[in-house]
Amino acid sequence: MGAAVVKAVTPAVLDEAAALLRDGRLVAFPTETVYGLGANACIDTAVAGIFAAKGRPHFNPLIVHVPDMPAALRLADFDDRARQVAERFWPGPLTLVLPRRADSGLSHLVSAGLPSVALRMPAHPLAQDLLHRAGCPVAAPSANRSGSISPTQAAHVSASLGDRVDLIIDGGACAVGVESTVIDLTTPQAALLRPGGIAREDLEAVLGPLVLSTDAEDAPKSPGQLLSHYAPSCPVRLLATAAAEGEALLGFGGTPGAVLDLSPSGNLLEAAANLFAMLHRLDAEGWAGIAVAPIPDIGLGLAINDRLRRAAAPRG
């Protein structure tokens with residue numbers, strides 16, 4: 001791992017970073033909570049690159065960062081509760097899990113196959129400036145290797161990720177230093193999914209009592225929880241070399257007879273980027289089942305296979 005490119009904040013550097021994001025590259029930048037590892041949330045391969053850079057073991061949902069309410073409203077459906085809490089706490093260290101709009105243009109990988117999306121409007125002026133300049137929603141988990149300490153300085157990012165990130169913007173130390181609070185507003189009862197920079201009591205003053213999420217193992221909707229399985233409506237069969245009658249074969253590396261191929265060239269980054277979109281597509285086509293060719297259990301293949309095992313698990 002080589003040295004990272006770290007640059008101090010200037011208008012030219014922000015323009016460079018914005019162009020990198022639009023082009024599907026990775027940029028680390030400060031928010032008021034921690035440094036984020038940003039990628040264009042509408043480009044599948046860019047989002048897959050986040051998981052590769054972090055060595056993230058699962059395709060957990062990622063928080064999508066937006067500069068303002070018009071941008072947020074293009075991505076998710078806001079009910080009265082969501083509008084009230086956004087008006088009170090945005091911009092700030094609060095993430096809202098909301099129903100994702102069908103026309104959002106977001107990568108399926110951002111939501112880990114779920115119909116929801118986690119949105120945040122950061123308060124850090126540098127993050128705000130960068131998001132406005134980029135003109136695209138930015139997925140940004142913490143800018144560190146998975147399992148290591150969250151970064152609150154540019155040096156932390158450089159030490160953890162090195163040249164896995166294309167540019168690190170040095171905006172000084174983060175003021176809050178802990179991740180955002182995450183609440184789920186996709187259900188009638190608002191739920192606290194992750195404690196963070198906004199106190200539960202302050203949220204309850206607006207929303208009323210919050211329930212603590214108890215479904216993390218089965219249906220997490222944000223980072224900081226275990227992975228939810230995406231279960232297509234039809235059975236999923238793994239390690240398949242051919243399709244049985246009525247099945248669609250989802251290939252890898254040029255599998256003969258595949259209806260769709262995650263990566264004809266055998267590129268795991270491309271396969272990760274295509275995984276959820278292709279599962280959704282085959283599920284919608286009405287096949288009796290989905291047979292999936294073997295995926296190498298290395299690199300991003302670990303995360304792909306984890307997700308596929310959950311999709312193929314017996315239904316209760």
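At-a-glance table
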quantity: In the range 84-106, the residues that are touching a residue at least 60 places away in the same chain (Cβ under 8 Å) and either of a type in the set (Lys, Arg) or farther than 23 Å from residue 30 by Cα (or both); calculated: 84, 85, 88, 98, 99, 105
quantity: Among the candidates 215, 306, residue that is in a helix (DSSP H, G or I) and either among the aliphatic types (A, V, I, L, M) or modelled with pLDDT under 95 (or both); calculated: 306
quantity: Residue that is nearest to residue 273 (Cα to Cα), among those in the range 103-128 that are open to solvent by 20 Å² or more (accessible area, probe 1.4 Å) and at pLDDT below 95; calculated: 108
quantity: Test: residue 311 is in contact with a strand residue (DSSP E or B) (Cβ under 8 Å, 6 or more places away or on another chain), at pLDDT below 90 and in a helix (DSSP H, G or I); calculated: yes
quantity: Top-ranked residue of the range 55-71 - restricted to ones that are in contact with a helix residue (DSSP H, G or I) (Cβ under 8 Å, 6 or more places away or on another chain) and more than 21 Å from residue 94 (Cα to Cα), ranked as most open to solvent (accessible area, probe 1.4 Å); calculated: 57
quantity: Pairs where the first residue, in the range 18-42, is over 14 Å from residue 132 (Cα atoms) and free of Cβ contacts under 8 Å to residues at least 60 places away in the same chain and the second is among the hydrophobic types (A, V, I, L, M, F, W, C) and surrounded by 24 or more Cβ atoms within 10 Å (Cβ to Cβ), C-beta under 6 Å, 6+ apart; calculated: 24/46
quantity: Residue count for the range 252-266, restricted to those that are surrounded by 16 or more Cβ atoms within 10 Å (Cβ to Cβ) and either of a type outside the set (Ser, Thr, Tyr) or without any contact (Cβ under 8 Å) to a residue 12 or more places away in the chain (or both); calculated: 8
quantity: The range 152-179 - residue that is among the β-branched types (Val, Ile, Thr) and not in a strand (DSSP E or B) and, of those, farthest from residue 89 (Cα to Cα); calculated: 165
quantity: Which numbered condition residue 82 misses (of (1) assigned to a helix (DSSP H, G or I); (2) more than 24 Å from residue 150 (Cβ to Cβ); (3) open to solvent by 10 Å² or more (accessible area, probe 1.4 Å)); calculated: (3)
quantity: Residue among 81, 56 that is within 30 Å of residue 204 (Cα to Cα), touching a residue at least 40 places away in the same chain (Cβ under 8 Å) and basic (Lys, Arg); calculated: 81
quantity: Cβ pairs under 6 Å, 6+ apart, first in the range 193-208 and within 16 Å of residue 80 (Cβ to Cβ) and among the aliphatic types (A, V, I, L, M), second modelled with pLDDT of 90 or more and not in a helix (DSSP H, G or I); calculated: 207/190
quantity: Subset tally (residues that are assigned to a loop (DSSP other than H, G, I, E, B) and open to solvent by less than 70 Å² (accessible area, probe 1.4 Å)) for the range 268-287; calculated: 1
quantity: Residue in the range 3-13 that is under 15 Å from the mean Cα position of the chain (by Cα) and modelled with pLDDT of 95 or more present; calculated: no
quantity: The range 1-48 - residue that is in contact with a Gly (Cβ under 9 Å, 6 or more places away or on another chain), farther than 16 Å from residue 137 by Cβ and not hydrophobic (A, V, I, L, M, F, W, C) and, of those, surrounded by the fewest Cβ atoms within 10 Å (Cβ to Cβ); calculated: 2
quantity: Where residue 182 falls short, out of the listed (1) part of a helix (DSSP H, G or I); (2) closer than 23 Å to residue 104 by Cα; calculated: (1)
quantity: Filtered residue count, the range 294-310, keeping only those that are open to solvent by less than 40 Å² (accessible area, probe 1.4 Å) and in contact with a helix residue (DSSP H, G or I) (Cβ under 7 Å, 6 or more places away or on another chain); calculated: 6
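The values are calculated or read from the model by the stated rules, or taken from the named source; none is laboratory data. Predicted, not measured: the structure shown is a model, and the values here were computed from it. As a convention, Cβ positions derive from the backbone with ideal geometry for all residues, glycine included, and neighbour counts pool all protein chains shown. What goes into the accessible areas is simple: the full protein's heavy atoms, side chains included, and nothing from ligands, DNA or RNA. Shrake-Rupley method; radii C 1.70, N 1.55, O 1.52, S 1.80 Å.
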